[in-house]
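Please read the structure below before turning to the comments.
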Amino acid sequence: MTMNYVVLGQVFTFKGISFVQAIVYGIALIVVIALYYYHRWRKRVEEELLQKSREDYLKAHPDLSEECKDAIIKGNLILEMSEEEIRASIGSPRKVKVLTVKPAGSEVWIFSNGLYLHIYEGHLKNWEKRKRLVSL
């Protein structure tokens, strides 16, 4: 059975679904679109706040090397960055794992985007990007 509905002057044809089902699908689509734009807005605001905190950090630490200043303002990493410089550059990790095996003083910082930083005695030694697994 084919049903035609007129909404705001537009004719919509649905085969095999009722008017109520069409309305529910329309509302679901609106919710998905709203969530998409909310996520984009939130990400932009978070990036603006992080950029402002980077600028504030650089003003408070004028003695940093040019290489380190450049990395922080661009949100990049360089080897031997301190923990404080890492937080200024890319933000705080979602999780910190303190390793109990040798060498002592090792940590792994895990970020929500799949970035793993290997910290030894307060300085960045290595990093890697891993694929995120979807958890149910």
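Values in this text are rule-based calculations from the coordinates and carry no lab data. Fair warning: this is a prediction, and the values are worked out from it, not measured in the lab. Positions of Cβ are backbone-derived with ideal geometry, glycine not excepted, and every protein chain shown enters the neighbour counts.
Using the structure shown, select from K43/K129; K52/K129; K52/K125; K15/K131 the pairs with a Cα to Cα distance greater than 29 angstrom.
Violating the 29 Å limit, Cα to Cα: K15/K131.
For the range 38-136, compute the orientation-averaged projected area of the C-alpha convex hull (one quarter of its surface), in nm².
If you wrap the Cα atoms of the range 38-136 in a convex hull and average its projections, you get 7.7 nm².
Between I27 and V45, 0.36 nm times their residue separation minus their Cα-Cα distance comes to what?
Length gained between I27 and V45: 3.8 nm.
Could you check the spin-label model distance between S65 and E84? Points 7 Å from the Cα along Cα→Cβ, value in nm.
1.7 nm
Take the Cβ-Cβ distance between K74 and V98 as r, set R0 to 35 Å, and report the resulting FRET efficiency rounded to the nearest 0.05.
0.75
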